[in-house]
Each structure stands twice: as structure tokens, then as C-alpha cells.
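Below is one structure, written out as C-alpha cells; comments come after it.
The values are calculated or read from the model by the stated rules, or taken from the named source; none is laboratory data. The structure displayed is predicted, hence computed values, not measured ones. Cβ coordinates were reconstructed from backbone atoms using ideal geometry, including for glycine residues, and neighbour counts include every protein chain displayed. Protein only, heavy atoms only, side chains kept; ligands, DNA and RNA dropped before computing areas. Shrake-Rupley method; radii C 1.70, N 1.55, O 1.52, S 1.80 Å.
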Amino acid sequence: MTEVNTKDCAIEVDNIRKTFDGTEYVLNGINLKIPRGKITVIIGFSGTGKSVLLKHILGLLHPTSGIIRIDGEDINEMTEEERALNRTKFGVLFQYAALFDDMTVMENVLFPLREHRRELSKKRMEAIASEKLSQSGLEKKHFHKLPSELSGGMRKRCGLARALALDPQLLVYDEPTTGLDPVLTEMVDDLIVSTHKRIEGASTLVVSHDLYAAFRIGDYVAMLDSGRVLLHGTPKDFLETDIELVKRFIQKGFHKGPAEN
Ligand SMILES: Nc1ncnc2c1ncn2[C@@H]1O[C@H](COP(=O)(O)OP(=O)(O)OP(=O)(O)O)[C@@H](O)[C@H]1O
Ligand SMILES: [Mg+2]
């Protein structure tokens, strides 16, 4: 298991348990220290609680018990205002990019700036949005199109640009490549790595079914099973483990290619 100093932790999940119905625990004592400045990939079979864990980290779900600290601060102790501010630390890209369909690419990226950076001039906001779109690899000629006029890859880039609008230090991706073809998958994985490298001090958390991606882009990998962390370590730790379930997951991943959702 990887030992991360609490001081070097971007996100600390301390003995989180979660039940929705009062009997069955979806998360059952999760301990996880997500190191600052690194890419951590969370893997695990379907239904093991990966997305539920992510929603706790983002403050969208509250744990039945346990503590989550972001930059050392307990999010349950925060006021509503502090919690809102805390959310702006995160850049989140969900599976389907979740763009606003009736807004142009540019307006999509302007949205968080208009919400949270009201002190900026219109011109400044547009300059920031253009910069984020360019950094995400979208050409200017697409800036005024609607999402429905874009390809899947371009929509991902637009979603990423919007996630980056507020210069987040914490980058979170839930299944960023599930359902994409192999070429697009590699492009999105490369984009995750280049974005991580460009933002100084950024910590990246990716939830993925894709074992190849986990080993290729992850500095660390954490595998969940039945609401617990089965193994948290480097890709090398995973290849050398004796834990039967982890070995099975790896074998399955490498025999069948990236697992399907
Ligand atoms: N809001 C909710 N209410 C009740 N049960 C929920 C809720 N959200 C998730 N669950 C349950 O929690 C369990 C874990 O779900 P979760 O979405 O975290 O799985 P996952 O590991 O992300 O799976 P996948 O790889 O398929 O995305 C599932 O059994 C799911 O039905
Ligand atoms: Mg999920």
C-alpha cells in the first residue's frame, strides 16, 4: 500500500462509510490519501462504489460516517459558502461531458466564469475561455458552434475547457473514455496527462474501467472492491501483487482489452 504523508495530500478519505437504505453499505470503510501533484486512477469492477466515492469527494453526497478532507479541510465542517468555494477548486469532466446543448462552445466555457468570476470584464472572460479552448485542442472555427454540431472528441475537448475555466488545482474525471473508440480513447488519455502537466501543483483523479489507461497514465492506482480499497499502489505494485481479486481484474483487463461499461 502506498503511504502518503497527510501534508502532501490533496484529498484524504478517512474511513468513509455510506449506506443509502440503512442496511447495505456501498462504501464500507474507505481510506485513501490522494497525493498532490500526481495522477491517481481508481479502478474496480462495475458497481463497487467508484462513482459514489467520487460524488462524496465532490461534496455531492454526504457520508453516513467518516471524514473527507480537501487540502486538509473537513468538507462536512464547511458552511454552505465555504463548500461552494471548495467546489470551484475542482475541474470535473463527466462521461458525457454534460455540455449545455443550447449554448455555443464559447458560452459553455464562459458559464463558470460568469457564475464565479463576476469581477472580470466581458473581454477578459472571453480571453480566458478562448485560451482554455485552445489549450484543450479546439480550433477557433468551432468556438461558435453548438455541441450538436461537434464530433465526440470535440465535445470532450469543450467539456475539458469548461472544467479548466476556473484554473482548478484538482482535476476529476469519471469514466472519461468509456464508450469511445481506441483512437479517441488515447487522445483523451493524452489530454488528461498534458493538462495535468501544464497546471503546476495539479492533482488528478480519474475513475476508469480501462486498465490500460490506468497503468499508462496513473502514477498511482487504487482498486475498489465491495466498498473498500483492495490495493493502492504504483502500476508496478499491481503487477506484482498476490491479491487474488486484483490478479483476476488484471488478467481480465489484459485478455479482453478495456472493459465495457
Ligand atoms: N443515489 C443512490 N441511491 C441508492 N443506491 C445508489 C445510489 N447511487 C449509487 N447507488 C448504488 O451504489 C452502488 C455503487 O454504485 P457506483 O455508481 O458507485 O458504482 P461504480 O463502481 O461507479 O460502477 P460502474 O463501474 O458501473 O460505473 C451500486 O449498487 C448502486 O446501485
Ligand atoms: Mg461509475
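Points to keep in mind about this one:
- Summed over segment 198-209, residues that are open to solvent by less than 10 Å² (accessible area, probe 1.4 Å), in a loop (DSSP other than H, G, I, E, B) and within 16 Å of ligand 2 (Cβ to nearest atom) total 1.
- Pairs, first assigned by TED's automatic domain parsing to the domain that holds Leu110 and closer than 20 Å to Arg198 by Cβ in segment 135-146, second among the small types (Gly, Ala, Ser) and open to solvent by less than 20 Å² (accessible area, probe 1.4 Å), C-beta under 7 Å, six or more apart: Ser136/Ala161; Leu138/Ala161
- Annotation note: Cβ proximity below 8 Å between a residue of segment 83-107 that is free of Cβ contacts under 8 Å to residues at least 40 places away in the same chain and a residue that is open to solvent by 40 Å² or more (accessible area, probe 1.4 Å) and in a helix (DSSP H, G or I) (sequence gap 6+ or interchain) occurs for Met106/Glu126.
- Looking only at residues in segment 36-52 that are at pLDDT 95 or above and open to solvent by less than 10 Å² (accessible area, probe 1.4 Å), the one that is nearest to ligand 2 (Cβ to nearest atom) is Ile42.
- Val188 meets all of the listed conditions (1) within 12 Å of Leu93 (Cα to Cα); (2) more than 16 Å from ligand 2 (Cβ to nearest atom); (3) open to solvent by 10 Å² or more (accessible area, probe 1.4 Å); (4) modelled with pLDDT under 90 but one, namely (3).
- Tally, over segment 79-103, of residues that are β-branched (Val, Ile, Thr) and within 26 Å of Glu175 (Cβ to Cβ): 2
- Meets criteria (among the aromatic types (Phe, Trp, Tyr), within 22 Å of Ser51 (Cα to Cα) and buried (at least 21 other Cβ atoms within 10 Å of the Cβ)) for Tyr212: no
- Taking the criterion of being open to solvent by 30 Å² or more (accessible area, probe 1.4 Å) and under 25 Å from Glu175 (Cβ atoms), the residues of segment 116-144 that qualify are Gln135, Gly137.
- Options Thr104, Thr64: the member that is under 30 Å from Arg248 (Cβ atoms), more than 16 Å from ligand 2 (Cβ to nearest atom), modelled with pLDDT of 90 or more and of a type in the set (S, T, N, Q): Thr64
- Candidate set: segment 23-32, residues that are touching a residue at least 40 places away in the same chain (Cβ under 8 Å) and open to solvent by 10 Å² or more (accessible area, probe 1.4 Å); chosen: the one nearest to ligand 2 (Cβ to nearest atom): Val26
- Residues of segment 218-231 that are within 16 Å of ligand 1 (Cβ to nearest atom), touching a strand residue (DSSP E or B) at 6+ places or on another chain (Cβ under 7 Å) and either assigned to a strand (DSSP E or B) or open to solvent by 20 Å² or more (accessible area, probe 1.4 Å) (or both): Val221, Ala222, Met223, Leu224, Ser226, Arg228, Val229, Leu230, Leu231.
- One residue from Thr178, Thr185, Thr241 being in the same structural domain as Asp14 (by TED's automatic domain parsing), without any contact (Cβ under 8 Å) to a residue 24 or more places away in the chain, not basic (Lys, Arg) and not in a strand (DSSP E or B): Thr241
Yes/no matrix, rows are residues, columns are (1) within 29 Å of Met154 (Cα to Cα); (2) not assigned by TED's automatic domain parsing to the domain that holds Arg157:
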position	(1), (2)
Glu24	no, yes
Ile30	no, yes
Pro35	no, yes
Ile43	yes, yes
Val52	yes, yes
Lys55	yes, yes
Leu61	no, yes
Leu110	yes, no
Ala127	yes, no
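- Ala10 meets each of the listed conditions (1) small (Gly, Ala, Ser); (2) within 21 Å of Ala163 (Cβ to Cβ); (3) within 12 Å of ligand 1 (Cβ to nearest atom) apart from (3).
- Boolean, Arg155 is open to solvent by 60 Å² or more (accessible area, probe 1.4 Å) and at pLDDT 95 or above: no
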